[in-house]
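Working notes for the structure below.
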Amino acid sequence: MNSKFDAVVIGGGIYGAAMLWELAHRGLKPILLEKNDFASGTSSNSLKTIHGGIRYLQKLQFNRVLESDREKAILTKIAPSSIKPLNCLLPEGSSISKSRYSYWAGTTFFNILSRCFKGSLSSNGSPYKRASILKTSILNTKSADKYFMSWQDAQVLNSERLVLNFISSAIDYGASAYNYADVGSVALHGDVYETSLKDGQTVKSDYVIDCSSSIDPLYDRMAKDSGYLKPVSAMNLIFDLSVSNSAVALPSVNPDLNKSTMLFFSPWMNSTLAGTWYFNEKVTKANVDKEIVDVCLLDTYRSLKGAGFSITLTELKRKLLDIHLGVLPGTSKLDDPEKSLIEYPSVQSDGVGYHKIMGNKYTTARLNAKKFVDTLKAKDNRIKESKSHEIQLSNESDPPCTLSSTDQSIRELIKMSQVKTVSDLLYRRLNENPHRAFNEKEIKRILELVATELGLNDEEVAQQLAEVELTESSKRSLSIEAR
Ligand SMILES: Cc1cc2nc3c(=O)[nH]c(=O)nc-3n(C[C@H](O)[C@H](O)[C@H](O)COP(=O)(O)OP(=O)(O)OC[C@H]3O[C@@H](n4cnc5c(N)ncnc54)[C@H](O)[C@@H]3O)c2cc1C
């Protein structure tokens, strides 16, 4: 870390990772510093949908429709093993705007936009199908066939692995990246920034790009500029349940409040992700209230019941595997947490070289990194044109490592991807559903491999095992309480 870098990127979520890749392949020498493990923040908690943009037609945001649709196609090309098409369904509703005729108009317009303006439907070999109207029923219901709007978004199968693949690609182009490197502060000395880690190390650079996703900047000269943003917590529930083979949006009607919420049920690794709920208060997994979880479970129950599922609330509670929670930027002008979410990433700058970027969608992280580096290029002739829309990311052609991989492959993975703990390997490196309970034999094998590769002593091994047990038992206690 001693030499000077062109840019320091703070935060190893999808925004920091895509930024590192963009800077590295365009000719700069960047370094990424992540305080915990890579992809252990909000980026591991997303609903995993790569939004194709059709939803923005409702608000007549044509630019957003096209941007997202193109990004879906680009990510499918550069990350073919991480990104797959996801069939989506929206049922016909009682209002005119939700009638099959409006859906027909919307899907026809979307198909034309996508074909004519180089979207996901424009190329012959595209894996994406046209949006249409479909008369069908969703899996596991006894209800009659209904009309649905049908379209294809994409799904990132493993949102942590894609973050790591952006980082590996950047490293292949000369970037550096460190996990467990907690940044304490940033200061400007002359025209060089000094980023200080909490362990006392410092890194010098021309630019600092803060993708740490906390509202407060790490650079005190910027502190007052972030006042217009507030943190909004967002939550999904993961169920050991099969709702449909497609991702389906279903209304949940609260009879007491006469209020309807739209919930999305997305199939993922033999489970279903459901959500999303938004809160103004900062909710974390450690402090999440049982009552909040109960309200969300009731919403889910009403939604499934309304769609004709035969499940009781008690059964549904038993099927709860885990909770995803993350923080997103909202504007402090609006009170309603969902409505307050910002539509484009927030970019603040000190006018010299410190930039704070707060992302709002996993889907558009690469695009926003590209746009941001384009603005630097206007004043920095070291920066080349972007090729991130066409270069396939590292590791995307190799089969991902799983628990059934050989010891040798898992050892390689530990060495090559900066694994520091058993949790890093189990929850963020292996291509497994991290919400299923790993059995003792699996954990012991992983522990042995990590201990040998990292040279851990008995005390450290015991500590790591306790951390894994803690994670597992906290999951168990959560589902027991929810009953
Ligand atoms: C429940 C939920 C569902 C969502 N669903 C979708 C979806 O379906 N599709 C979609 O496109 N988007 C979705 N999103 C939004 C998307 O997940 C986020 O916009 C995106 O992951 C934000 O990425 P990030 O890199 O900015 O933040 P993060 O992933 O949080 O990364 C920031 C990183 O910075 C690190 N950091 C913080 N402080 C420091 C420090 N001092 N020093 C070093 N490192 C630091 C953190 O540890 C963290 O790893 C969802 C979000 C949530 C919460």
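Of the residues making up region 385-417, those that are in a loop (DSSP other than H, G, I, E, B) and loosely packed, with under 14 Cβ neighbours inside 10 Å are GLU385, LYS387, GLU390, SER397, ASP398, PRO399, THR402, SER404, THR406. Do we have ARG382 as assigned to a helix (DSSP H, G or I) and charged (D, E, K, R) here? Answer is no for this residue. LYS387 passes every criterion in (1) more than 16 Å from the ligand (Cβ to nearest atom); (2) farther than 18 Å from ILE171 by Cβ apart from (2). Summed over region 159-185, the residues that are over 21 Å from ASP398 (Cα atoms) and near the ligand (Cβ under 10 Å from one of its atoms) give a count of 8. Answer yes or no: is there a residue in region 365-381 that is within 18 Å of VAL8 (Cβ to Cβ) and among the β-branched types (Val, Ile, Thr). Yes, some residue in region 365-381 is within 18 Å of VAL8 (Cβ to Cβ) and among the β-branched types (Val, Ile, Thr).
Residue-by-condition table, conditions (1) under 16 Å from GLU71 (Cα atoms); (2) of a type outside the set (A, V, I, L, M, F, W, C); (3) modelled with pLDDT under 95:
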site	(1), (2), (3)
LEU86	yes, no, no
GLY106	no, yes, no
PHE117	yes, no, yes
SER122	yes, yes, yes
SER137	no, yes, yes
LYS146	no, yes, yes
MET149	no, no, no
TYR180	no, yes, no
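Cβ-Cβ distance below 7 Å, separation of 6 or more or different chains: which pairs start in region 326-350 with a residue that is in the same structural domain as SER214 (by TED's automatic domain parsing) and over 22 Å from ILE14 (Cα atoms) and end on one that is within 12 Å of the ligand (Cβ to nearest atom) and part of a loop (DSSP other than H, G, I, E, B)? Taking only residues 6 or more apart or on different chains, the pairs are ASP350/TYR219.
Among the residues here, SER176 qualifies as in contact with a strand residue (DSSP E or B) (Cβ under 6 Å, 6 or more places away or on another chain), touching a residue at least 12 places away in the same chain (Cβ under 8 Å) and under 24 Å from GLY27 (Cα atoms). Scanning region 14-40 for residues that are within 13 Å of the ligand (Cβ to nearest atom), assigned to a loop (DSSP other than H, G, I, E, B) and surrounded by 23 or more Cβ atoms within 10 Å (Cβ to Cβ) gives GLU34, ASP37, PHE38, ALA39. Looking for something more than 16 Å from the ligand (Cβ to nearest atom) and closer than 24 Å to TRP268 by Cβ - is there at least one such residue anywhere in region 61-77? Yes. Among residues of region 41-57 being surrounded by fewer than 24 Cβ atoms within 10 Å (Cβ to Cβ) and either without any contact (Cβ under 8 Å) to a residue 40 or more places away in the chain or in a strand (DSSP E or B) (or both), the one that is farthest from the ligand (Cβ to nearest atom) is TYR56. The set of residues in region 186-219 being more than 26 Å from TYR362 (Cα to Cα), away from the ligand (no atom under 15 Å from the Cβ) and in contact (Cβ under 8 Å) with a residue 12 or more places away in the chain consists of LEU188, ASP191, VAL192, LYS204, ASP206. Residues in region 415-426 that are over 15 Å from TYR180 (Cβ atoms) and either aliphatic (A, V, I, L, M) or in contact (Cβ under 8 Å) with a residue 40 or more places away in the chain (or both): MET416, LEU426.
The values are calculated or read from the model by the stated rules, or taken from the named source; none is laboratory data. Since the structure is predicted, the reported quantities are computational estimates derived from the model, not experimental observations. Ideal geometry is used to build each Cβ from the backbone, glycine not excepted, and the neighbour counts take in all protein chains shown.
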